[in-house]
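Below is one structure, written out as structure tokens, with a few remarks after it.
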Amino acid sequence: METAAARAALPPAGVPAEDGRTRDRVGSLLLEHGPQTATELAARLGVSAAAVRRHLDGLVAAGRVAEREAPGAQRGRGRPARHFTLTDAGRSAFPHAYDDLALTALRFVAEHGGPDAVRAVAEQQLAGLAERCSTAVRTAEAGAADGVAVDRAQVLAAALTAEGYAATASAISSGGQLCQHHCPVAHVAAEFPQLCEAETAVISTLVGTHVQRLATIAHGDGICTTHIPAVQIPAQRAGNKATPARPVPAGRAVANDARASTSTAPSIDRERTPA
């Protein structure tokens, strides 16, 4: 997984490598010394103020730096002194210890409250995500034409992508698959699988059927893959070249649901299947 530090080392698209390195130095100086003027930055970098202003303009345009009037600046002839400061986006490009903090907190919870307490934290953490994705599904269904089935997996994939999961949904012979190509909490979930279990439960609720995790990034797989049984896959719209998946007979679906209900947490099948 690409780290924030690795991303910070790469210049933005279309920016020469040398300019990218200089802008990183400007950002580091603002981080270490706080808001500064272009003249102050130029003195620390050993370049002209005009050169620094060119880099500052690029950083402001990228949303990594903000320009503000210097406190106590007197208005008069000439341009008032301006201070440049890092934005939240600019700070996020530097290394952080959020994963370490989350792991420390969950280890404390596990030690004093046990696995159920960790599961409760995971469910609480995902409650907001579940509500936002549920709203996306309801909105899609409300906007669909009469008689047209909404593919909840596709809607959910789009909602998860907006949350940073880079998700896709596709149909396969036995139903459908929801694939998440990025996991924002992979390092934490590797130690606390309750996060994956809670996320799987959210997916199950949103698509309206029991689902099965086939692979997870937290356990070393390339993507998180969730299988959705064909019983809940809606018929394809007219003109779609894909062949509709064969529905599971009602009796078999009931039996499958009965077997699935014996487990209180969604299962994660470690057997590899093609994504």
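The values are calculated or read from the model by the stated rules, or taken from the named source; none is laboratory data. Nothing here was measured: the structure is a model prediction, and the numbers come from that model. Neighbour counts are summed over all protein chains in view; Cβ atoms, including those assigned to glycine, are modelled from backbone coordinates with ideal geometry. Quick note on the areas: whole protein, heavy atoms, side chains included, nothing else; ligands and nucleic acids left out. Shrake-Rupley method; radii C 1.70, N 1.55, O 1.52, S 1.80 Å.
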### Query
If the Cβ limit is 6 Å and pairs must be 6+ apart or interchain, which residue in segment 127-140 that is assigned to a helix (DSSP H, G or I) pairs with which residue that is among the β-branched types (Val, Ile, Thr)?
ALA130/VAL202; ALA136/VAL155; VAL137/VAL155; ALA140/VAL150; ALA140/VAL155
### Message
Just to check your reading of the model, which residue among PRO80, PRO12 is in contact with a Gly (Cβ under 9 Å, 6 or more places away or on another chain), surrounded by fewer than 16 Cβ atoms within 10 Å (Cβ to Cβ), at pLDDT below 80 and not in a helix (DSSP H, G or I)?
### Response
PRO12
### Query
How many residues does segment 91-126 hold that are part of a helix (DSSP H, G or I), surrounded by 12 or more Cβ atoms within 10 Å (Cβ to Cβ), out of contact with any helix residue (DSSP H, G or I) (no Cβ under 6 Å at 6 or more places or on another chain) and of a type outside the set (A, V, I, L, M, F, W, C)?
7
### Task
Report whether or not GLN154 is open to solvent by 40 Å² or more (accessible area, probe 1.4 Å), without any contact (Cβ under 8 Å) to a residue 60 or more places away in the chain and farther than 30 Å from THR22 by Cβ.
yes
### Query
Restricting the first residue to segment 32-51 and requiring it to be of a type in the set (Lys, Arg), which pairs with a second residue that is in a helix (DSSP H, G or I) and open to solvent by 20 Å² or more (accessible area, probe 1.4 Å) meet a Cβ separation below 9 Å and a spacing of at least six or different chains?
ARG44/ARG25; ARG44/LEU29; ARG44/HIS33
### Task
Given the conditions (1) modelled with pLDDT of 95 or more; (2) touching a Pro at 6+ places or on another chain (Cβ under 9 Å), report the number of the one that ALA149 does not fulfil.
(1)
### Query
Is it true that THR168 is open to solvent by 50 Å² or more (accessible area, probe 1.4 Å) and more than 13 Å from THR226 (Cβ to Cβ)?
no
### Query
Across segment 172-208, which residue is modelled with the lowest pLDDT among those that are crowded, with 21+ Cβ neighbours inside 10 Å and over 23 Å from VAL118 (Cβ atoms)?
GLY175
